[in-house]
Amino acid sequence: QVQLVESGGGLVQAGGSLRLSCAASRSGFTIYAMGWYRQAPGKQRELVASITSGGSTWYADSVKGRFTISRDNAKNTVYLQMNSLKPEDTAVYYCNKWPVPRGNYWGQGTQVTVSS
């Protein structure tokens, strides 16, 4: 059973930056296609960025140009660099497989709160 542990969230002012990390408990897991998802209060969980096994990336229009997904397979970790944060980026952020997230891989997530 793989565990994904998200970290790096916090409270930041609009325009600030955060770097989220997603550490996998199993070596080699992050070589697969992975995604960062978020869920804001009262809204459905949505995909914000993904990275394929070959390194191709995709971003939701709402974060394009501000967020960057990357990974370090030696550390079994996927990252999400978030710049120019906006209040509407406030959400709990999760990582999981992409394009089909696995229900048993959802972790606790990491809270990102952006104040105006």
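The values are calculated or read from the model by the stated rules, or taken from the named source; none is laboratory data. Everything numeric here is computed off the predicted structure, so don't read it as measured data. Here Cβ is always computed from backbone atoms with ideal geometry, including for glycine, and neighbour counts include all displayed protein chains. Ligands, DNA and RNA are excluded from the accessible area calculation, which covers all protein heavy atoms including side chains. Shrake-Rupley method; radii C 1.70, N 1.55, O 1.52, S 1.80 Å.
Hey, among the residues in the range 82-98 that are open to solvent by 20 Å² or more (accessible area, probe 1.4 Å) and under 12 Å from the mean Cα position of the chain (by Cα), which one's nearest to S50 (Cα to Cα)?
Checked the range 82-98; the qualifying residue nearest to S50 (Cα to Cα) is W98.
How many residues are of a type in the set (S, T, N, Q) and loosely packed, with under 12 Cβ neighbours inside 10 Å if we restrict to the range 31-46? Spell out how you get there, then give the answer.
Of the residues in the range 31-46, the ones of a type in the set (S, T, N, Q) are 39, 44.
Then keep just the ones that are loosely packed, with under 12 Cβ neighbours inside 10 Å; that gives 44.
Qualifying residue count, the range 31-46: 1.
For the range 99-116, which positions are among the hydrophobic types (A, V, I, L, M, F, W, C), within 12 Å of the chain's Cα centre (by Cα) and part of a strand (DSSP E or B)?
The answer is V112, and nothing else.
Can you give me the number of residues within the range 99-114 that are under 26 Å from Q13 (Cβ atoms) and open to solvent by less than 40 Å² (accessible area, probe 1.4 Å)?
Number of matching residues: 4.
Give me a count of the residues in the range 12-30 that are touching a residue at least 60 places away in the same chain (Cβ under 8 Å), open to solvent by 40 Å² or more (accessible area, probe 1.4 Å) and more than 16 Å from the chain's Cα centre (by Cα).
3
In the range 58-74, how many are under 22 Å from S27 (Cα atoms) and either of a type in the set (D, E) or surrounded by fewer than 13 Cβ atoms within 10 Å (Cβ to Cβ) (or both)?
Of the residues in the range 58-74, 2 are under 22 Å from S27 (Cα atoms) and either of a type in the set (D, E) or surrounded by fewer than 13 Cβ atoms within 10 Å (Cβ to Cβ) (or both).
Which members of the range 83-98 meet the condition of being in a strand (DSSP E or B) and either out of contact with any helix residue (DSSP H, G or I) (no Cβ under 6 Å at 6 or more places or on another chain) or under 11 Å from G9 (Cβ atoms) (or both)? So that I can check it myself, show each step before the final result.
Just the residues of the range 83-98 that are in a strand (DSSP E or B), to begin with: 91-97.
Selection gives A91, V92, Y93, Y94, C95, K97.
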